[in-house]
Amino acid sequence: MSVVSRTRVMGILNVTPDSFSDGGLHASVEAGLAQAMKLIGDGADILDIGGESTRPGAEPVDVHEEIARTAPVIAAVHARWHGPISIDTMKPETARAAVAAGATIWNDVTALTWAPDAPEVAAELGCEVVLMHMLGEPRSMQVEPRYTDVVAEVRDYLAARAEAAMAAGVLRERITLDPGIGFGKTIEHNLALIAGLGTLVELGFPVLMGASRKRMIRNIDPSATEAGDRLGGSLAIALDAARRGASIVRVHDVRETVQALTMQAAIEAVWSSSSF
């Protein structure tokens with residue numbers, strides 16, 4: 001059987017001491033490189049490398065510390081692999097260092113709003129950008145988040161941020177949108193955004209879904225107390241997002257997600273060409 005096209009998988013590599021799922025596990029260059037090569041071997045299409053936790057309640061990290069954590073790992077991975085590497089940061093200075101080390105994507109949870117010149121820096125770097133919606137900032141984003149219509153508000157915010165990026169010189173084809181599951185949202189908000197993902201897709205930009213191992217899964221299945229217990233829920237969201245038009249899913253469990261999406265794509269290929 002020929003290979004079928006599937007939604008791309010972005011593998012998460014946190015080189016931090018305090019990320020909610022894997023904090024401290026890959027904090028050295030050697031450990032980070034080893035995990036990167038594992039994710040690539042498992043089928044990751046993109047690597048997303050971050051040096052500052054954005055979990056609820058996380059404290060900010062000094063830009064020099066963030067660069068020291070991420071740039072050497074990016075350079076080490078880039079020396080061995082020529083696939084796309086993403087830097088997960090809100091800071092333009094960190095993005096500059098990452099692109100110089102070999103990154104080609106800037107994944108920004110603040111949608112290029114952390115610094116006034118962020119859109120211009122993104123345009124200057126010529127990299128792809130992922131614009132994510134977040135209500136507030138990590139330390140306080142989960143304190144009673146409120147929306148009138150979360151799907152419409154997130155869509156309109158991201159549409160406006162995409163326009164701002166393009167006005168600064170970022171090419172439209174280099175922009176991806178992310179609804180920001182878990183970033184200033186209740187379980188009800190998260191579910192509405194997942195179910196309403198098609199509304200975001202309709203804007204015409206690639207859409208990224210990042211809900212891997214998140215607390216919302218525990219909210220639905222209380223037995224999933226540990227992040228590593230949430231594979232089933234993570235796969236369900238990834239498959240649903242792919243059906244609704246997501247171009248990329250950002251995950252911890254790369255091998256399992258690649259297998260699930262490949263199987264889904266094979267079934268849908270048969271379905272679309274059949275007379276059932």
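Only one of the listed residues (Ile85, Ile74) is under 16 Å from the mean Cα position of the chain (by Cα) and closer than 15 Å to Met37 by Cα. That residue is Ile85. Ala227 meets all of the listed conditions (1) over 27 Å from Asp149 (Cβ atoms); (2) free of Cβ contacts under 8 Å to residues at least 24 places away in the same chain but one, namely (2). Would you check which residues across region 184-229 are in contact with a Leu (Cβ under 6 Å, 6 or more places away or on another chain) and assigned to a loop (DSSP other than H, G, I, E, B) and list them? Across region 184-229, the qualifying residues are Gly184, Phe205.
Matching residues to (1) surrounded by fewer than 15 Cβ atoms within 10 Å (Cβ to Cβ); (2) farther than 26 Å from Glu153 by Cβ:
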| position | (1), (2) |
| --- | --- |
| Ala192 | no, no |
| Lys214 | no, no |
| Arg218 | no, no |
| Thr225 | yes, yes |
| Gly228 | yes, yes |
| Arg255 | no, yes |
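Which condition from (1) within 18 Å of Thr186 (Cβ to Cβ); (2) touching a residue at least 24 places away in the same chain (Cβ under 8 Å); (3) open to solvent by 40 Å² or more (accessible area, probe 1.4 Å) is the one that Val143 breaks? Tallying (1) within 18 Å of Thr186 (Cβ to Cβ); (2) touching a residue at least 24 places away in the same chain (Cβ under 8 Å); (3) open to solvent by 40 Å² or more (accessible area, probe 1.4 Å), Val143 fails exactly one: (2).
Only a single item in (1) open to solvent by 20 Å² or more (accessible area, probe 1.4 Å); (2) under 18 Å from the mean Cα position of the chain (by Cα) is not met by Val63, and it is number (2).
Residue count for region 154-190 under the criterion of being open to solvent by 40 Å² or more (accessible area, probe 1.4 Å), in contact with a helix residue (DSSP H, G or I) (Cβ under 8 Å, 6 or more places away or on another chain) and small (Gly, Ala, Ser): the result is 2. Going by the conditions given, is Thr104 β-branched (Val, Ile, Thr) and open to solvent by 20 Å² or more (accessible area, probe 1.4 Å)? Answer is yes for this residue. Return a yes/no flag: does region 257-269 have any residue that is over 25 Å from Met37 (Cα atoms), assigned to a helix (DSSP H, G or I), open to solvent by 80 Å² or more (accessible area, probe 1.4 Å) and not acidic (Asp, Glu). Within region 257-269, one or more residues are over 25 Å from Met37 (Cα atoms), assigned to a helix (DSSP H, G or I), open to solvent by 80 Å² or more (accessible area, probe 1.4 Å) and not acidic (Asp, Glu).
May I ask you to verify whether Ala115 is open to solvent by less than 40 Å² (accessible area, probe 1.4 Å) and of a type in the set (A, V, I, L, M)? Here the answer is yes, as Ala115 does meet what is asked.
The values are calculated or read from the model by the stated rules, or taken from the named source; none is laboratory data. The structure displayed is predicted, hence computed values, not measured ones. Methodologically, a virtual Cβ is constructed for each residue, glycine included, from the backbone with ideal geometry; neighbour enumeration extends over all protein chains shown. Please note that ligands, DNA and RNA were not included when accessible areas were found on the heavy atoms of the full protein model with its side chains. Shrake-Rupley method; radii C 1.70, N 1.55, O 1.52, S 1.80 Å.
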